[in-house]
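Q: Handing you this structure, nothing more for now.
The values are calculated or read from the model by the stated rules, or taken from the named source; none is laboratory data. Values in this document were obtained by computation on a predicted structure and should not be read as measured data. In this analysis, Cβ positions are derived from the backbone assuming ideal geometry, glycine residues included, and neighbour counts consider all displayed protein chains. Areas reflect the complete protein model, heavy atoms only, side chains present, ligands, DNA and RNA absent. Shrake-Rupley method; radii C 1.70, N 1.55, O 1.52, S 1.80 Å.
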Amino acid sequence: APTVTTVAPTSLLEGSAGVARAPGTGGVVVNGRVTDLTVTFGDNNSASIKYLNNLIVNIAGNSPAAARKVATGSSSIRVYRNQTVEITGSGYAPNTSVDVWINSMPIKLGSTMSDANGLISETFGISANIDIGNHTITLNGKFADGTKASVSVGIEVVDTPTVTTIAPTVTTVAIATTVPTTVPTTVVTSTSINLLQSLG
């Protein structure tokens, strides 16, 4: 069964009202009570968290081409600076706003609206100003039953690898062609004529 603890409002994250989580862990705050959530990792640097069988949030950090894919079973989601993170979810109230934050220093990444079925899907940019290290992404919104809650998951912010492109070197070799400027001529001498006459 999920572990439920009560936290004082002062221990909630500033701005997001979520709960700090290390990479690979998650939690939800409802009415000041924290429930630890299990994070399930997938391929391509993605993870999902589930709450009470009716709220599922998926987070996927978009990896640049130079970054190695995170394999299944990894214990961390890598979010790259100057890249994006894709967030999808279900179980929210229809047509309601969901705010997305990143902590330690609270930065609101943006907001998205759920559709008529309570589904969300949005891509958010990760600024180069966000410190490298462990952070928490939190989603604030109303569940389908009207309860307002904050769903948090720990991530790792890393720098985007630098790709050095080496242009191919093309060497041009000039082939010198020597053309004779004079054409050899046959010189007929008087000695040659005499020899021919003597031979008949």
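Q: Filter the range 87-105 down to the residues that are within 29 Å of P161 (Cβ to Cβ) and exposed (fewer than 15 other Cβ atoms within 10 Å of the Cβ) and list them by number.
A: Within the range 87-105, M105 is the sole residue that qualifies.
Q: I'd like to check something: does the range 54-67 contain any residue that is in contact with a His (Cβ under 6 Å, 6 or more places away or on another chain) and either part of a strand (DSSP E or B) or touching a residue at least 60 places away in the same chain (Cβ under 8 Å) (or both)? Walk me through it before giving the result.
A: Of the range 54-67, the ones in contact with a His (Cβ under 6 Å, 6 or more places away or on another chain) are none.
No, there is no match, as no residue in the range 54-67 is in contact with a His (Cβ under 6 Å, 6 or more places away or on another chain) and either part of a strand (DSSP E or B) or touching a residue at least 60 places away in the same chain (Cβ under 8 Å) (or both).
Q: Quickly run through the range 126-156 and pick out the residues that are in a loop (DSSP other than H, G, I, E, B), surrounded by fewer than 17 Cβ atoms within 10 Å (Cβ to Cβ) and under 17 Å from the mean Cα position of the chain (by Cα). Walk me through how you get there before you give the answer.
A: Initially, the range 126-156 is screened for residues in a loop (DSSP other than H, G, I, E, B), giving 126-132, 144-147.
From the residues that got through so far, the ones that are surrounded by fewer than 17 Cβ atoms within 10 Å (Cβ to Cβ) too are 127-129, 131-132, 144-147.
Passing the criteria: S127, A128, N129, D131, I132.
Q: Moving to a separate point now. For residues that are without any contact (Cβ under 8 Å) to a residue 40 or more places away in the chain and in contact with a Lys or Arg (Cβ under 8 Å, 6 or more places away or on another chain), scanning just the range 18-51, find the one that is most open to solvent (accessible area, probe 1.4 Å).
A: T38
Q: What number of residues within the range 52-61 are crowded, with 18+ Cβ neighbours inside 10 Å and either of a type in the set (S, T, Y) or over 20 Å from T25 (Cβ atoms) (or both)?
A: Qualifying residue count, the range 52-61: 0.
Q: Right, another one. Could you give me the residue pairs with C-beta distances under 8 Å whose first residue belongs to the range 100-116 and is closer than 21 Å to S90 by Cα, whose second residue is open to solvent by 50 Å² or more (accessible area, probe 1.4 Å) and in a loop (DSSP other than H, G, I, E, B) wherever it lies, and which are 6+ apart or on separate chains?
A: That search, which allows pairs on different chains as well, returns M113/N95; S114/P94; S114/N95; D115/P94; D115/N95; A116/P94; A116/N95.
Q: If you don't mind, there's one more thing I want to ask. Mind checking which residues of the range 94-109 are in a loop (DSSP other than H, G, I, E, B) and modelled with pLDDT of 95 or more? Talk me through it step by step, then tell me what you get.
A: Quick first cut of the range 94-109, residues in a loop (DSSP other than H, G, I, E, B) only: 94-96, 104-106.
Within the range 94-109, P94, N95, T96 qualify.
Q: Just one of (1) touching an Asp or Glu at 6+ places or on another chain (Cβ under 7 Å); (2) in a loop (DSSP other than H, G, I, E, B); (3) modelled with pLDDT of 85 or more trips up P2, so point out which.
A: Answer for P2: the failing condition is (3).
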